[in-house]
Amino acid sequence: MKRLLSIFIALMLFAVSFSANAASTLGTKNITADNNRLFEIPVIVKSPKVLTAATFTLKYDKSAAAFRKTTAAFPEATVKSVEKNGSVKVIFLCPNGVNVNKNSQLFSVTFKTLKQGSSFINITASDFVDSKAKNFTPPSSVKCRVSVNEKGEASAKSAKGGGVSADGYVYSDNSTEEVTKSSKKDDNSGSEKGGDLSDYENVLGSTKISPYFIVCLILASSLLTAGVMYFLTRKKKNNKDDKNNKE
């Protein structure tokens, strides 16, 4: 009995861990630039979902940088931006959906440096919509550092958590895998699958776990639960029979 319960608890903990690993990630890159020059901030997303729409807000120091434009990373997507008082709101749209189960750059934001020194650009995400027109939880915010004529600072850690990879990319969950630009091929593969299964396949693809293993895990968990319930019911019945026999 104790052995069955231990196995059941272990499987449940694995399931919780698996769900946590499927969370979305937001990423960007620390920048080193010369004064009075343009530089680009990439916005990167990783999620088990097929992304069709999202909103991003970039807050920056107006005395250190000036906003210039936003550019989609692939032709099937559209980005619209509005700047006001040191804050740029960017709306990302991709009607057919884009598969972002790997770290994928969605768009870039171009700024111009205005003075020497260091400043930060904070990026937050909201209003994430999947291929089934349903909202899902956006990733946590990420902050990149912009260093103007100050060598070595671009490799430093961001002020708000996250890990920094060797090439200067910084993520909201310490992920440091290679960044790829999304393509139409990814969009089609995501939209053709559709349904609930596509979400599970995306998660499995990013974690390199076989879908058959997950099916077996679910079946094993169900069988263990049924076994425990049967054992408890049988034990209760036997105790009741023993009590009746003694009487």
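Among residues other than residue 38 with Cβ under 12 Å from its Cβ, the summed charge is +2 (Lys and Arg +1, Asp and Glu -1). Coordinate range of the alpha-carbon atoms in segment 31-155 per principal axis, descending: 46, 28, 24 Å. Taking Cα centre as origin and charging only the Cβ of basic (Lys, Arg, +1) and acidic (Asp, Glu, -1) residues, the dipole magnitude of segment 72-144 rounds to 200 debye. For residue 140, nonlocal amide neighbours, meaning residues 5 or more places apart or on other chains whose placed amide H falls under 5 Å from its own, are 26. Applying 0.36 nm per residue to the separation of residue 34 and residue 180 and subtracting their alpha-carbon distance, the gain on full extension is 49.9 nm. In this structure, the pairs whose alpha-carbon distance is over 24 Å, taken from 84/134; 29/132; 59/115, are 84/134; 29/132.
Can you tell me the length gained on complete extension of the stretch residue 116 to residue 93, counting 0.36 nm per residue apart and subtracting the Cα distance?
Working: separation 23, 0.36 × 23 = 8.28 nm, distance 3.50 nm.
Full extension of this stretch gives 4.8 nm more.
Computed from the coordinates by the stated procedures, all read-outs in this text should not be read as laboratory data. All of these numbers come straight from a predicted model, not from anything done at the bench. Cβ coordinates were reconstructed from backbone atoms using ideal geometry, including for glycine residues, and neighbour counts include every protein chain displayed.
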